[in-house]
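The values are calculated or read from the model by the stated rules, or taken from the named source; none is laboratory data. Owing to the predicted nature of the structure, the values given are computational and were not obtained by experimental measurement. Note that we place each Cβ from the backbone using ideal geometry, even for glycine, and neighbour counts take in every protein chain shown.
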Amino acid sequence: MKHILMAAGALAFSLTPLYAQNFDDPQEFAKQRDQLQAEPMGPEGQPWLQYIGGDMVDTAALGLEAPATVCFSNAGVNNPWRVVGYTNMVEELKNHASIADFIHVDAEGSDDKQIADIDDLLAGGDCDVMIVSPNTTAALTPAVERACEAMPVIVFDRGVNTDCPVSFIHPVGGYGFGIQGAEFITSKLDEGANVLMLRILPGVDVLETRYSAGRRILEEAGMNIVGAEFTDGDNAKTKSIVEDYLMRGSIDAVWMDAGATAVAAIEAFEDSGYDIPVFVGEDQQDFLRKWQDEGLTAIAPTYPTYQWRTAVIAAARVIEGEPLPGPEWVLPQPAIVQENLDDYVNPAMPPLHYAMCGCEEMADYPQAWGGN
């Protein structure tokens, strides 16, 4: 299989699920809360192939011939979660003879560049199927709609404000992530406890809905939200924010909408001589190890990187004329809790590796992911 990496200019649009730009939708909140408890369909032990509810889309009428070229417009490979996910994708490609060529375009976190990237791919005429992981929700919608007019499109990770793609692949969603973390906090603390909410960046659907769901549950439980601050995913900024709030008063819990800087936040408590509070992180190895070593009271909601495998599988099914879940392919979204923590801690993997990768049985694991 030939891999082609393109660097092009770009414009931008953004994908959200079918609930558009409303990031505080009570119906979607309730739906995702139910989906967290739902029994997924599909092969046991392979959550990247499982799905929750929904219909099947018949792709035979699309008339594609194998082998074909898949183009991937990627929001970026600009954080550890996306690096692990993209590795999953590259390794999954090795399983599909129906994909002859794979063209990857990296938008580097820019809406404008991603829009231009998609337009360049369309103008080049080399793509038979396009996969899109949008940078932001509203901005990328028009570009995705243009792509849909030319070929089958698979959207994953973040959504768009259109239902033109063959399938939108995502775990349960941002509301689900926010629910899991906030409900854990409320189960451990009494009304009036002080909670600091740390956010990574604004404008991304799955992050905005994490925050709205988390805040709703905390407020309904009578928690005192002492602040909600953006960290920009920067360790030094995260530590500074936490230290500033500790100077103002006690913190009983930290809720995070993304766990990349969780260990930095924990270190702020340690460096200042405070006990580590109830903590919501994510499934990065450095956080999981810290949790295990220090005996923290913690949870790691996940937005599993195994979804990057699913995007490739969906593209292959489109090429082969096989049915797939759609218009939404909702994947299970498990959390790491105290009872299963030991199953996910792996000292052989890098500190920034995401444990919910579904990659352990792949041919080049762990070396392709930087493990040993």
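It is to be established whether one or more residues within the range 253-274 are of a type outside the set (Ser, Thr, Tyr), more than 18 Å from ALA182 (Cβ to Cβ) and within 18 Å of the chain's Cα centre (by Cα).
So far as the range 253-274 goes, yes, one or more of its residues are of a type outside the set (Ser, Thr, Tyr), more than 18 Å from ALA182 (Cβ to Cβ) and within 18 Å of the chain's Cα centre (by Cα).
When you scan the range 146-164, how many residues do you find that are part of a helix (DSSP H, G or I) and in contact (Cβ under 8 Å) with a residue 24 or more places away in the chain?
Residues that pass the stated criteria total 3.
If a residue must be under 17 Å from THR305 (Cβ atoms) and among the polar types (S, T, N, Q), how many such residues does the range 329-339 contain?
Residues meeting the conditions: 1.
Here are some conditions: (1) touching a Lys or Arg at 6+ places or on another chain (Cβ under 9 Å); (2) assigned to a helix (DSSP H, G or I); (3) touching a residue at least 60 places away in the same chain (Cβ under 8 Å). ARG309 meets all but one. Which one does it not meet?
Of the numbered conditions (1) touching a Lys or Arg at 6+ places or on another chain (Cβ under 9 Å); (2) assigned to a helix (DSSP H, G or I); (3) touching a residue at least 60 places away in the same chain (Cβ under 8 Å), the odd one out for ARG309 is (1).
Any idea how many residues of the range 322-353 are part of a loop (DSSP other than H, G, I, E, B) and in contact with a Gly (Cβ under 6 Å, 6 or more places away or on another chain)?
4
Inspect all residues belonging to the range 332-339 and state whether any of them is of a type in the set (Asp, Glu) and either closer than 30 Å to VAL129 by Cα or over 22 Å from the mean Cα position of the chain (by Cα) (or both).
Yes, that holds for at least one residue.
Could you please give the count of residues in the range 70-98 that are β-branched (Val, Ile, Thr) and within 19 Å of LEU122 (Cβ to Cβ)?
The qualifying residues number 1.
How about the range 175-207: which of its residues are of a type in the set (A, V, I, L, M, F, W, C), out of contact with any Asp or Glu (no Cβ under 8 Å at 6 or more places or on another chain) and modelled with pLDDT of 95 or more?
Across the range 175-207, the qualifying residues are ILE179, ALA182, PHE184, ILE185.
Taking the condition more than 21 Å from the chain's Cα centre (by Cα), crowded, with 23+ Cβ neighbours inside 10 Å and either within 23 Å of LEU201 (Cα to Cα) or at pLDDT 95 or above (or both), does VAL70 pass?
Yes, satisfied.
Return only the number of the condition from (1) out of contact with any Leu (no Cβ under 7 Å at 6 or more places or on another chain); (2) touching a residue at least 60 places away in the same chain (Cβ under 8 Å); (3) assigned to a helix (DSSP H, G or I) that ASP286 does not satisfy.
(1)
Restricting attention to the range 77-97, report how many residues are hydroxyl-bearing (Ser, Thr, Tyr) and buried (at least 20 other Cβ atoms within 10 Å of the Cβ).
The number of residues fulfilling the criteria is 1.
Looking at the range 276-303, which of the residues that are out of contact with any His (no Cβ under 9 Å at 6 or more places or on another chain) and of a type in the set (Phe, Trp, Tyr) is surrounded by the fewest Cβ atoms within 10 Å (Cβ to Cβ)?
TRP291
Could you please find all residues in the range 163-192 being in the same structural domain as ASP252 (by TED's automatic domain parsing), surrounded by fewer than 24 Cβ atoms within 10 Å (Cβ to Cβ) and of a type outside the set (A, V, I, L, M)?
GLU183, PHE184, THR186, SER187, LYS188, ASP190, GLU191, GLY192
In this structure, is ALA107 assigned by TED's automatic domain parsing to the domain that holds VAL166, farther than 21 Å from LEU62 by Cα, modelled with pLDDT of 95 or more and among the hydrophobic types (A, V, I, L, M, F, W, C)?
Taking the combined requirement at face value, the residue satisfies it.
Taking GLU44 as the residue in question, decide whether it is farther than 23 Å from GLU361 by Cα, surrounded by fewer than 23 Cβ atoms within 10 Å (Cβ to Cβ) and outside the structural domain of ALA260 (by TED's automatic domain parsing).
no
Scan the range 234-254 for residues that are under 16 Å from LEU201 (Cβ atoms) and crowded, with 18+ Cβ neighbours inside 10 Å and jot them down.
Passing the criteria: THR238, ILE241.
Scan PRO351, PRO323, PRO327, PRO332 and give me the residue that is within 21 Å of ARG158 (Cβ to Cβ) and surrounded by fewer than 19 Cβ atoms within 10 Å (Cβ to Cβ).
On inspection, the qualifying residue turns out to be PRO327.
Name the one entry in VAL195, VAL160, VAL155 that is in the same structural domain as ALA236 (by TED's automatic domain parsing) and in contact with a helix residue (DSSP H, G or I) (Cβ under 7 Å, 6 or more places away or on another chain).
Only one candidate passes the filter, namely VAL195.
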